[in-house]
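The values are calculated or read from the model by the stated rules, or taken from the named source; none is laboratory data. A quick note: this is a predicted structure, and the numbers were derived from the prediction, not measured. Here the Cβ positions follow ideal geometry from the backbone for every residue, glycine too, while neighbour counts run over all protein chains shown. Heavy atoms of the whole protein, side chains included, go into the accessibility calculation; ligands, DNA and RNA do not. Shrake-Rupley method; radii C 1.70, N 1.55, O 1.52, S 1.80 Å.
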Amino acid sequence: MSAPPSLKSPATAAFLASPRLAVAPRAAVLGATAQPPRRLSCSAAVGAEARDLEVMSAPLDWAARSVGELEQATDLDTFCMMALSPLDGRYFRFIKDLMPFFSEFGLIRYRVLVEVRWLLKLSQIPEVKEVPPFSEEAQLFLDAIIQDFSINDAKEVKQIEKITNHDVKAVEYYLKQKCSSNPEVAKVLEFFHFGCTSEDINNLSHALALKEGVNTIMFPVMIDVCSAICSLATENAHVPLLSKTHGQPASPTTLGKEMANFAARLSDIGKSFSEVKILGKFAGAVGNYNADVVAYPEIDWPKMTEEFVRSLGLEFNPYVTQIEPHDYISKLFNLFVQFNIVLTDFDRDMWSYISAGYFKQIPKAGEVGSSTMPHKINPINFENSEGNLSVSNGLLCTLSMKLPISRLQRDLTDSTVLRNLGVGLGHSLLAYKATMQGIKKLEVNKVRLDEDLEQTWEVLAEPIQTVMRRYGIPEPYEKLKEMTRGQAVTKDSIRKFIEGLDLPEDAQSSLLKLTPHSYTGEAENLAANIWNVVDLKSGFKIK
């Protein structure tokens, strides 16, 4: 991220113009062995003991480090104020953790990762004698290029791109320059990007960004939202609430049961995420390994590239053109859209409950609700969430519908569209955090809930006419309709009606004890048991 030229102060200009910040020499890059070997901070790490590119379980500390570098940039506030996207400006602090994965920096870093891993894979193929197995020292050197990759390294790539006018080729040239100092790697520099088309690198980079970004940043916040709604359900399982169907008083429920409905829906969608397979291809210019077969006809290239793609923690797609067709991205984003639709429903209901006075909002010191009406505490968090869910779904639907379409063996329309993966997800992340903030401000107003229930005794018409049906009293529905529809119904009038019915004594006694507050059926039990239904452990993960 760089500041617009017109905004650069002298200090900012010097910071941005410098190809690298002054940093201590990196011993691993220079081939020294003084530093202990570190595991890679990504799912495609090569372990010290396992050189077959097995996926290692390691924290993504590179992502946190890159966010820290961004926050320390000179005059960041000025740049954020001038950003075209509110995600990069006003809302930067809410979505910054997503930036390492889906920014230009993130894409360049993943490209570097794939290129380096492919060179390591080639060194493990016996038939590729021109790339012999690397020593431990050379492997540490290559690992460190990924481990220590920084925003300043990405700037070096961008400087090269100004000359090449090709982003992937710039990465290849960057790696050749970077590795020329290592005697072993310097001998095989031309095997960077061997047999690859740019899309072989790009599709794996986007796939890794999606898998790691969604698992690491998106899902934890989505789980938090579900957990918070579950807590609302269990804590208020017993609190009676007047239902509204068509906006009119209906059979009572409990506040907790209505929260449980949303928790169950969101959890169910969460389970489906684990069914999505993040796919990758590595089959060359038109998907047939043409150049690879000419160079090394004795190698089983489909098998070899499948091993490589799977070593990165991705599933392999053997039937492709120049591009991986992106169908999996459509499946993934359609699930986000579905989750967002349910959460929009939740936001709107919460807005309505606040409007009806069922919830109070805890005031925040110094916060202003209205510029002219001092008394107001507006439900801004739920409104902000609803708005961003709408923007997100518009983008995610566009991506889902466009990406699987590519003319013949390849057109370039997907390339620019794919740069918006993080934009669609960013608006979702912003919305989820807004919903969480809204939930934290809530305080149940039981007095207001009781008032509405006390004023709607007509809702007991349903159970009364149902009991009348059981005991054979003719035209029960019609009798209750005549008594209640458009009429003022009170506790006394309901009681008088029940006492006039020819019912068994126990049935009549039961009806006389019934109140709008107690007529909630199994709502309390359903809400109290929501954690038996919601599964936040096996869902919300991409394997």
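From the protein chains alone at 1.4 Å, what is the descending order of accessible area for Asp200, Asp77, Asp224, largest first?
I get Asp77, Asp224, Asp200, largest accessible area first.
Using a 1.4 Å probe on the protein heavy atoms, what percent of the accessible area of the range 127-192 belongs to carbon and sulfur?
53
Beta carbons within 10 angstrom, averaged per residue: use that to sort the peptides 97-110, 122-135, 183-196, highest first.
Peptide ranking by packing, descending: 97-110, 183-196, 122-135.
Carbon-plus-sulfur fraction of the accessible area of the range 387-543, 1.4 Å probe, in percent?
On the range 387-543, the fraction of accessible area on carbon and sulfur atoms equals 51 percent.
Charges at C-beta only: +1 for Lys and Arg, -1 for Asp and Glu. How large is the resulting dipole of the range 410-490 about its Cα centre, in Debye rounded to 20?
It comes to approximately 420 debye.
Roughly how big is the chain's charge dipole about its Cα centre, with Cβ charges of +1 (Lys, Arg) and -1 (Asp, Glu), in debye to the nearest 20?
Here the size comes out at about 820 debye.
If you build the convex hull over the alpha carbons only and average its shadow over all orientations, what do you get for the chain? Give it in nm² to one decimal.
Average of the hull's projected areas for the chain equals 33.5 nm².
Between helix 255-273 and the chain, what is the angle of the helix's C-alpha long axis to the longest principal axis, kept within 0 to 90° and rounded to the nearest 10?
Long axis of 255-273 versus the principal axis of the chain: about 30 degrees.
How much accessible area per residue does the range 410-514 have, in Å², with a 1.4 Å probe?
55
Highest first, please rank the peptides 419-431, 392-404 by the mean number of other Cβ atoms sitting within 10 Å of their residues.
419-431, 392-404
Considering only protein heavy atoms, what per residue accessible area in square angstrom results for the range 57-142 with a 1.4 angstrom probe?
The answer is 43 Å² per residue.
Take the alpha carbon gyration tensor of the range 204-322, find the square roots of its eigenvalues, order them as a ≥ b ≥ c, and report rounded if a/c is under 1.5; if not, report prolate when a/b exceeds b/c, else oblate.
Here the range 204-322 falls in the prolate category.
Beta carbons within 10 angstrom, averaged per residue: use that to sort the peptides 237-250, 139-152, highest first.
Highest-to-lowest ranking by the protection proxy: 139-152, 237-250.
Over 31 Å between C-alpha atoms is what I'm after, so list which of Lys96/Lys440; Lys176/Lys331; Lys96/Lys331; Lys129/Lys211 land there.
Beyond 31 Å: Lys176/Lys331; Lys129/Lys211.
Leaving out ligands, DNA and RNA, and with a 1.4 Å probe, what % of the accessible surface on the range 242-323 is carbon or sulfur?
50
Would you mind getting the accessible area per residue of the range 171-220, heavy atoms of the protein chains only, 1.4 Å probe, in Å²?
Result: 30 Å² per residue.
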